[in-house]
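The values are calculated or read from the model by the stated rules, or taken from the named source; none is laboratory data. The structure presented is a predicted model; accordingly, all values stated were derived computationally and were not measured. Virtual Cβ from ideal backbone geometry, glycine too; neighbours counted across all protein chains shown.
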Amino acid sequence: MLSLERQEEYRQRYALLRPGWQPSSHVYQELVAAHLDPAVRVLDLGCGRGGVMERLHTRAGLVMGIDPDLVSLQEHRAPGIHRACGLAEALPYSDGSFDVVCCSWVLEHVARPMRVFAEVRRVLAPGGSFIFLTPSSQNPLLVLNRCLQWTGGCLVKRFYGRSEVDTFRSYYRANTVSRLKRLMRDAGLTVVSLQSIGDPSYLAFSEVLFRVASLVDRVTPPVMRVHIVGECVAV
C-alpha cells in the first residue's frame, strides 16, 4: 500500500531532483493564499473534513464550506468555518456573496459541470476568483483509475488505502484543459491560468518504480500530466 506519508517523502525527493517543481497541492494552496485578506469572503466548495481552508481560514474575513456529505461536515477539523450541507449544482447563497470560490478534488466528481460553473459564477462578486485543483483525465494513471472503477475500484482502495466512506464516483466531465476553457467561457468566467503539473509519487510503490516514474514524468507532454491547477475570474 502507498500511504500519504510515503508519497510525501517521494515528493520531497523529487523536488530536490527538479528545482522549482512543487506538488499541485502546494501550488493550489499558494494560489488561494495570495487572494486572502481580512476583507475577503471565501466559499470552500466540497470542503469535506478540512483541506486548504482548514489551514488558511484565519487569513480571510469570512469562510463558508459546503459539501453534500453530512458526515464529513460533522467531522470538519476547522470550527471557524461555517458549514452547510448542499450541492454545487444549487448553491444556497445569494448572487455575488463571495470574493473567492475554491475547490480541490471536486470537479472530477461533478456530473453536470456547466451547471456547477454557472453557480460558481453566480455567487462570485464581479472580479472574484475561482481557484481549483483537479486531476487530468488525459493522464494514463487516471485512465487506469477510470477502468478500475468499472470493477468497483477495489485495486485503488487496496493500493492507496482509501476507505469505502471516502470513495466517491468520478465522472471526469470537465477534466481536460481544453474542456475547462470552453466550460469556463460559457459560464462567464475568464481563465487566468491553467497549470498542468506532474507528480511521479502516485506510482512510487517501490524505489525502482519511483525512479522510472520520475524519468517518465520529465518527458510527459503537459496535456497528460496528472493534475490541473486553475484560476478564473468572474467577468
The number of residues in segment 73-118 that are aliphatic (A, V, I, L, M) and over 15 Å from the mean Cα position of the chain (by Cα) is 10
Go through segment 65-86 residue by residue and tally those that are out of contact with any Asp or Glu (no Cβ under 6 Å at 6 or more places or on another chain) and either small (Gly, Ala, Ser) or at positive phi (or both). 4
Of the conditions (1) under 26 Å from residue 94 (Cα atoms); (2) at pLDDT 95 or above, residue 30 fails just one. Which one is it? (1)
Find the residue count for segment 195-234, including only residues that are assigned to a loop (DSSP other than H, G, I, E, B), farther than 14 Å from residue 22 by Cα and among the hydrophobic types (A, V, I, L, M, F, W, C). 2
Testing residue 108 on (1) touching a residue at least 24 places away in the same chain (Cβ under 8 Å); (2) farther than 22 Å from residue 119 by Cβ; (3) among the acidic types (Asp, Glu), one condition comes back false. Which one is that? (2)
Of all residues being of a type in the set (A, V, I, L, M, F, W, C), within 21 Å of residue 105 (Cα to Cα) and modelled with pLDDT under 95 in segment 172-221, which is surrounded by the most Cβ atoms within 10 Å (Cβ to Cβ)? Just the residue, please. 204
Which ones in segment 9-21 are over 16 Å from residue 206 (Cβ atoms), free of Cβ contacts under 8 Å to residues at least 40 places away in the same chain and not hydrophobic (A, V, I, L, M, F, W, C)? 12, 19, 20
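State whether the residues of segment 81-91 include one that is of a type in the set (D, E, K, R) and either modelled with pLDDT of 95 or more or touching a Gly at 6+ places or on another chain (Cβ under 7 Å) (or both). Give the derivation first.
Initial filter on segment 81-91 (of a type in the set (D, E, K, R)): 83, 89.
Going one step further and asking which of them are either modelled with pLDDT of 95 or more or touching a Gly at 6+ places or on another chain (Cβ under 7 Å) (or both), we end up with 83, 89.
Looking through segment 81-91, at least one residue is of a type in the set (D, E, K, R) and either modelled with pLDDT of 95 or more or touching a Gly at 6+ places or on another chain (Cβ under 7 Å) (or both).
Do the conditions hold for residue 159, that is, is it under 20 Å from residue 10 (Cβ atoms), at pLDDT below 90 and of a type in the set (Phe, Trp, Tyr)? Show your work before the answer.
Values: under 20 Å from residue 10 (Cβ atoms): yes; at pLDDT below 90: yes; of a type in the set (Phe, Trp, Tyr): yes.
Judged against the criteria, residue 159 is a match.
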Give me the pairs, please: first residue somewhere in segment 36-47 and closer than 21 Å to residue 88 by Cβ, second residue anywhere and modelled with pLDDT under 95 and assigned to a strand (DSSP E or B), beta-carbon distance under 9 Å, and either six or more positions apart or on two chains. none
